[in-house]
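Provided herewith is a single structure, encoded as structure tokens, for subsequent inquiry.
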């Protein structure tokens, strides 16, 4: 196990170095990439004309005058140390450089950490919601295979899987914000994670900005949007996995020795059926995190995904690169974690 | 007596042969929703490719109606913020969305099949190299990477030179200049780059299993070349899962393209795909939210039809392949 873990972590590290290298190279080599953006910005923001020394200074400041490999190793590992410019600690020591545009000259890590709580809240609620809905539905439709409810669930999961998240989000706004407001019901505010100022909702009265109620109301639609796809996929998976387990001999044995059906399903079948689901959920987490990009954009929810879109729109490559690194670490980490957790919950699986 | 009758009638009369295609169609058409899906998809294609021929408007002509015009007989889906006819734009957007997805799906399937078949058949370092690459690309966060690459290409960072007849052809279909068609094709290349991996893995698995079969050995013993065996035995015999996976990929690509366009890094204005039309109405969503309904519905219908068709194909082509 220890050997396996060391090997996997080593491989993961290599994958991260490779992928960051590829993306870094792409951004670095892009013609008219950062410099044009920066110069354009300077031209607009200052009364002084840009002179060649300024360009040289800027290039030095962002390591753009170095050959690609040096720029990369300095960005990633803070090596080599050069005399004519400030030292960098490198990504490996938590130095992700300075933001160019989104929040100028602020350390990227700080910029990235600010919207983190919002994203974490959104991810946690939607993962939990998806699980709480998907597992019982999957189990029920497996136990009652080919019943009317089962067909309904199957049709529903197809709907959920085919639903484009951005359209679902728009439709939720149409229903819960627009129509509810017209009907005089307490409607859901469609934008932002926190209100800018207090507001009044019908029946609920005045809502203070920033309170738990305010945040909760604003979380409902993004959570629904983000969790629907997972709900559909996971309930389908639970159903399939449950159907397979219900055919096993030990389930027949449990029934034969006279256990009540509910006990057979809950204790013998479900516990075994959930094992593969653990892997699926673990592997889905980075995807959920990345998928939050779209959801956060629809609802203008100030999370990391929205920050990433802002960074792309404004060509703030350090921030975009840093977001991608965080996501890569999560994805690679989830892969290792899924394997490890799998061996822990299922003693039949041994890792060589 | 009875025996003689049997002999003359039932045994000698050979049962009508049921072709493979009939068999597959028989099983496919049992899936009612998939049959509906086929018709919906045909409808979307016909509306997108033939529809504009009957439209009196140019998709980019402004002020053909009032700004934010309501639904009228002249403009069945109203007019948008600069008075363009929404229905005409929807049809042209459908051309981009559907054809782009089709190109991406076909190209990525071709790459996936070739890489998977070669890698599975030859094994060795070719296999190791190809599969490491696939593993590597499958561990990357796809959506943000697509966004970054697309953002770069929009700023002119991905110089890909397409042969001129190609850009002219697509420009003609999409009713745009070759330069703009090139922009859309670059997006297609970016999507292809991240779409072929899972199919390569699937085909490799199939080929590994098929190669161990006796007929593969027999073909080798008869002196068939590797190319012949791959092209005539390996790929045709793994066609069922390839078709199923390709169908699902088609739906996936439509959604992915729409998602990219929705956040502003896909098809660029003034061209429009269904995703970017949805993006276009985002600013007015609180004023007239129903405007978001139609372009999204088109994406949803297309993707759901394809999912149903894929599901039915899986049952029809290979009953063992139940997932």
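Here, each number is a calculation from the coordinates, and none is a lab measurement. This one's a predicted model, so the numbers in the text were calculated from it and none came from an experiment. Using ideal geometry, Cβ is built from the backbone for each residue, glycine included, and neighbour counts are taken over all protein chains shown.
Which value does Rg/Rh take for the stretch B:31-125 over its C-alpha atoms, Rh per Kirkwood? Provide the component values of the computation, followed by the final result.
On the way: Rg = 20.2 Å, Rh = 16.1 Å.
For the stretch B:31-125, the value is 1.25.
Per residue and in cubic angstrom, what volume does the convex hull of the Cα atoms of the stretch B:39-80 have?
For the stretch B:39-80, the hull spanned by Cα atoms encloses 88 Å³ per residue.
Also: If you wrap a convex hull around the alpha carbons of the protein assembly as shown, what volume per residue comes out, as a whole number of Å³? Could you put the intermediate results ahead of the total?
Working: hull volume 174.3 nm³, N = 675.
About 258 Å³ per residue, rounded to a whole number.
Tell me, what does the Kirkwood hydrodynamic radius of the stretch A:164-244 come to in angstroms if you use every pair of distinct C-alpha atoms?
Numbers: mean 1/r = 0.0702 Å⁻¹.
Its Kirkwood hydrodynamic radius stands at 14.2 Å.
Also, quick follow-up: If you take the alpha carbon radius of gyration of the stretch B:210-258 and divide it by 2.2 N^0.38 Å, what ratio comes out, to two decimals? Let's see the in-between values first.
Numbers: Rg = 15.7 Å, N = 49, 2.2 N^0.38 = 9.7 Å.
Here the Cα radius of gyration is 1.63 times the empirical estimate.
Is there a simple number for the mean count of other chain Cβ atoms within 10 Å of the Cβ of residues in B:133-145, and what is it? Intermediate values should be presented prior to the final figure.
Working: counts 0, 0, 3, 6, 1, 2, 11, 10, 16, 3, 9, 14, 8.
That works out to 6 on average.
Take residue A:60 and residue B:161, extend 7 Å from each Cα along the Cα→Cβ direction, and tell me the distance between the two endpoints in nm.
Once both label points are built, they end up 3.8 nm from each other.
Oh, and also: Could you tell me, in Å, what Rg and Dmax come out for the Cα atoms of the stretch A:185-313?
21.5, 65
Provide the FRET efficiency to the nearest 0.05 for the residue B:220-residue A:220 pair, computing r from the beta carbons and using R0 = 60 Å.
Values: r = 63 Å, r/R0 = 1.04.
It comes out at approximately 0.45.
So what are chain B's ellipsoid semi-axes, whole angstrom, largest first, if each one is the square root of 5 times an eigenvalue of the alpha-carbon gyration tensor? The partial results should precede the final answer.
Working: eigenvalues 371, 166, 52 Å².
Working through the eigenvalues yields semi-axes of 43, 29, 16 Å.
Binning every alpha carbon pair distance of the stretch B:68-224 at 10 Å from zero, what are the percents per bin?
That works out to 10, 25, 26, 20, 12, 5, 2, 0, in percent per bin.
Let me ask you something else. Could you give the Stokes-Einstein D for the stretch A:72-158 in µm² per second, using the C-alpha Kirkwood radius, 25 °C, 0.890 mPa s? Numbers along the way, then the final one.
Working: Rh = 17.4 Å.
Stokes-Einstein gives a translational diffusion coefficient of 141 µm²/s.
Please rank B:60, A:53, A:208, fewest neighbouring Cβ atoms within 10 Å first, as an exposure proxy. Walk me through the intermediate numbers first.
Values: B:60 16, A:53 8, A:208 12.
Ranking B:60, A:53, A:208 by Cβ neighbours within 10 Å, fewest first, gives A:53, A:208, B:60.
Okay, moving on. For the residue pair residue B:177 and residue A:346, what label-to-label distance in nm results when each label sits 7 Å from Cα along the Cα-to-beta-carbon direction?
The answer from the label model is 5.7 nm.
Provide the descending list of Cα extents for the stretch B:107-197 along its principal axes, expressed in whole angstroms.
Result for the stretch B:107-197: principal-axis Cα extents of 46, 28, 17 Å.
For chain A, how big is the tail of P(r) above 35 Å, as a whole percent of Cα pairs? Please report the intermediate quantities before stating the final value.
Details: 25947 of 61776 pairs.
Every Cα pair in chain A considered, those over 35 Å come to 42 percent.
Right, next: Given 37 °C and 0.692 mPa s, compute D for the stretch A:91-207 with the Stokes-Einstein relation, Rh being the Kirkwood radius over Cα pairs; round to the nearest whole µm²/s. Show your work: numbers first, answer last.
Values: Rh = 18.7 Å.
Translational diffusion coefficient: 176 µm²/s.
Extent of the stretch A:260-338 along each principal axis, from alpha carbon coordinates, in Å, largest to smallest?
So the three principal-axis extents are 62, 29, 11 Å.
What does the convex hull of the Cα atoms of the stretch B:166-256 come to per residue, in Å³, rounded to a whole number? Don't jump to the answer; show the numbers that get you there.
On the way: hull volume 11.0 nm³, N = 91.
It comes to 121 Å³ per residue, whole-number rounded.
Report the Rg/Rh value for the stretch B:177-313, based on alpha-carbon coordinates and the Kirkwood definition of Rh. Write out the running numbers ahead of the final one.
On the way: Rg = 20.9 Å, Rh = 17.9 Å.
Rg/Rh for the stretch B:177-313 comes to 1.17.
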